[in-house]
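For reference, the structure is listed below as structure tokens.
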Amino acid sequence: MAKSKDNATGSAKSDKSLEQSMQELSDIVTKMERGGMPLEETFELYKEGMALLKQCRTAIDGVEKELQILEDDGDDDEHTES
């Protein structure tokens, strides 16, 4: 039963916004900092946090690439007008 939950969570994660993923990551960090959880639960939170971190990095990289393209296009337009 846990596997189906993980699969459902995994597929839902890809539909999250960057802000949602970052908030969930922040919540995980807060829970882990509080401590007092069993080692297995802590490890599961760690794995979930690492997956969220990867998603956030991928999303941020995509935005940075788009910005670079826009900046490059803007630079080309400026050179064309001169």
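A short reminder: the numbers here are calculations on the coordinates, not readings from a lab. Every value quoted in this text rests on a predicted model; they were computed, and no experiment measured them. Counting neighbours? That spans all protein chains shown, and the Cβs are built from the backbone with ideal geometry, glycine included.
Of note:
- Length added when fully stretched, Val29-Met50, from 0.36 nm per residue minus Cα-Cα: 6.5 nm
- In plain terms, the chain from Val63 to Glu40 could stretch by 4.8 nm, reckoned as 0.36 nm per residue minus the Cα-Cα distance.
- FRET efficiency, 1/(1 + (r/R0)^6) with R0 22 Å, evaluated for Leu18 and Asp75 via beta carbons: 0.25
- Gyration tensor (alpha-carbon) shape descriptor, the range 17-81, a/c threshold 1.5: prolate
- Only Lys, Arg, Asp and Glu carry charge here, each on its Cβ (+1 for the first two, -1 for the last two); on that basis the range 17-81 has a dipole of about 880 debye about its Cα centre.
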